[in-house]
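These notes concern the structure reproduced below.
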């Protein structure tokens, strides 16, 4: 049976009988975890293993948002607290700054891989501007395209070295948005030239990365009515065109309030726009069932991109001593508080 081009969430720390039956029938490409799905290390390992057994694929991706700062699903007391991206900008020496970003992500990869989590929705390549909503804020590595791209590449390299796939987000840029897309639809009025030079630039510098996530943001200079996730024009002219990205593109969460219409309509529009895979995160069974009813099989270019992404982590992680790594990480961060 073909895999469906969808990533789903689940409701709690273990899969219910209904969820097991649904996942077996839905055949999603991957599963995404949130704090509601986290109790301890043994529980997460059981959950990820059970998901893979249900879908019958040992390499089925399990995703999480483990950025650091206010966006980390694993945290104290069982896992370390990692700094927000903006903290790294306080390290004056550029070589030390890059080392710290890469090492932080390498440590995160070490945490995740031990649990069976193989995809981290990191790095954030959004570049905030004055007056933008705080939804990005300190999740950004800086306030210019170049420092964001340099740090973003370091973060991605750290994850890849540890056997975890990075996801560059939120393509083609969420930093200028004046609303939180979890709650409302942001509309950006900047000119195409401004967007190209500022918002799109970090993504152009990381087109070799295997996975990307869209922005639920309207860019009026390109498409006056539809957010990037649902816009054929944004995909053709910007994501696949100007940026030149040929990796796998997943939608941001279809259950976010930036989007409207039925979940079937959201799913179909995301595919028509150009999303390879759609993402539904909240674990609400009724919504997920509608998304899956409108889902496409993973085929053609989307299947090629998915296979190429998974091939990036078919290796033994680079040798790494987490104790020494954490000590070096603390030294690099000293003085940033």
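Readers should treat all values here as calculations from the given coordinates under stated rules, not as data from a laboratory. What you are looking at is a predicted structure, and each value in this text was computed from that prediction instead of being measured. Every residue, glycine as well, gets a Cβ built from its backbone with ideal geometry; the counts of neighbours run over all protein chains shown.
Odds and ends about this structure:
- Sorted by Cβ density within 10 Å, fewest first, the residues 170, 198, 182: 182, 198, 170
- Cα-projected label distance for residue 318 with residue 237, points at 7 Å along beta-carbon direction, nm: 4.0 nm
- Theoretical gain in end-to-end length, residue 208 to residue 16 [0.36 nm per residue, Cα-Cα removed]: 65.3 nm
- Sequence-distant contacts, meaning Cα pairs under 8 Å at least 6 residues apart, place the relative contact order of the chain at 18 percent.
- Computed E for residue 191/residue 299 - FRET, C-beta separation, R0 51 angstrom, nearest 0.05: 0.85
- For region 4-332, share of DSSP beta bridges that run antiparallel, in % to the nearest 5: 15 percent
- The sum of -39500 (n - 2.57) across all DSSP H runs of n ≥ 4, divided by the residue count of the chain, sets its helix-only mean residue ellipticity at 222 nm to -10500 deg cm²/dmol.
- Using 0.36 nm per residue and subtracting the Cα-Cα separation, the extra length available between residue 146 and residue 114 on full extension is 8.2 nm.
- Mean-position separation - Cα centroids, region 296-327 and region 256-274, in angstrom: 28 Å
- Hydrodynamic radius by Kirkwood, which averages 1/r over all alpha carbon pairs of region 4-332, in angstrom: 19.7 Å
- Cα centroid of region 99-128 to Cα centroid of region 51-87, whole Å: 8 Å
- Legend: ranking of residues 40, 324 from fewest to most surrounding C-beta atoms inside 10 Å; resulting order 324, 40.
- Relative contact order of region 252-337, defined on C-alpha pairs under 8 angstrom at six or more residues apart (%): 25 percent
- Exposure proxy ranking, count of Cβ atoms within 10 Å, fewest first, for 246, 276, 208: 208, 246, 276
- Region 1-28 and region 138-217 have Cα centres lying 29 Å from one another.
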